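What follows is calculated from the coordinates using simple rules that are stated; it is not laboratory data. Just so it is clear, the structure is predicted and the values come from calculations on it, not from any experiment. All Cβ positions, even for glycine, are placed from backbone atoms using ideal geometry, and neighbour counts span all protein chains on display.
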Amino acid sequence: MRPMLFDRFFQRRRTERAAAELYLAAVEQARQPAFYGQLGVPDTLEGRYDMIILHVWMVMRRLGRAGAGAESLAQATVERMFDDMDRNLREMGVTDLRVGKRVRHMAEAFYGRAGAYDKALGEGDAALVAALTRNLYQAAEPAPAQVEAVARYVRAQLAHLDNGDTESLCEGRVSFVSPEVRA
């Protein structure tokens, strides 16, 4: 019989591995060219970060519905995202003194947008379109059909995640629907 210490160690490693896989899948999906071409999301550092936020939020939302055991995986996924942001900022040449402030700002953006998206889902399609316009497009001026198409994509992805296998998700396997939702 293994001591509990080993069980916790191996569970933590499984959680960290699953979090890394979920985060990488969200980033890969967020990089799909259709978002930046067809759907008009700004192809900037901020636009790409906002797409990552959107996809990590969708995964986090599903993990929140997966039960108490998924809470540590949700937290580990968010931690993985901010570790990656920290590393990317350092690679871009941001000084050590500024990295902490930038990551803190990014964390505020993540939690603010997650709260806005959660609230918007409960208020209907117009609220989701408004939240996406404000947070995802920011200063850009997308065509209304583009934002509406992203809103349909978000709803389709959330339904896809809700209908997916919880065990697979908790093991780090997630799939995404095509972003090429026609306006």
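Specify which of the listed residues (A151, A131, A126) is part of a helix (DSSP H, G or I), touching a residue at least 24 places away in the same chain (Cβ under 8 Å) and among the hydrophobic types (A, V, I, L, M, F, W, C). Result: A151 is the single residue among A151, A131, A126 that is part of a helix (DSSP H, G or I), touching a residue at least 24 places away in the same chain (Cβ under 8 Å) and among the hydrophobic types (A, V, I, L, M, F, W, C). Scanning the range 134-148 for residues that are part of a helix (DSSP H, G or I) and either of a type in the set (S, T, Y) or within 20 Å of Q38 (Cβ to Cβ) (or both) gives N135, L136, Y137, P144, A145, Q146, V147, E148.
The set of residues in the range 28-58 that are in contact with a Lys or Arg (Cβ under 9 Å, 6 or more places away or on another chain) and over 21 Å from A131 (Cβ atoms) contains only R31. Closer than 24 Å to A20 by Cβ, of a type in the set (G, A, S) and crowded, with 18+ Cβ neighbours inside 10 Å - does that describe any residue in the range 125-139? Within the range 125-139, none of the residues are closer than 24 Å to A20 by Cβ, of a type in the set (G, A, S) and crowded, with 18+ Cβ neighbours inside 10 Å. For the range 158-169, the criterion of being of a type in the set (S, T, Y) and under 20 Å from V59 (Cα atoms) is met by at least one residue.
Being surrounded by 21 or more Cβ atoms within 10 Å (Cβ to Cβ) and within 13 Å of the chain's Cα centre (by Cα): is that true of M106 here?
Values: surrounded by 21 or more Cβ atoms within 10 Å (Cβ to Cβ): no; within 13 Å of the chain's Cα centre (by Cα): yes.
No, not satisfied.
The helices (runs of 4 or more DSSP H) falling completely within the range 12-118 that include 3 or more residues that are of a type outside the set (D, E) and free of Cβ contacts under 8 Å to residues at least 24 places away in the same chain map to 45-64, 71-91.
Condition test on A156, is it part of a helix (DSSP H, G or I), at negative phi, surrounded by 15 or more Cβ atoms within 10 Å (Cβ to Cβ) and among the small types (G, A, S)?
Values: part of a helix (DSSP H, G or I): yes; at negative phi: yes; surrounded by 15 or more Cβ atoms within 10 Å (Cβ to Cβ): yes; among the small types (G, A, S): yes.
In short, yes.
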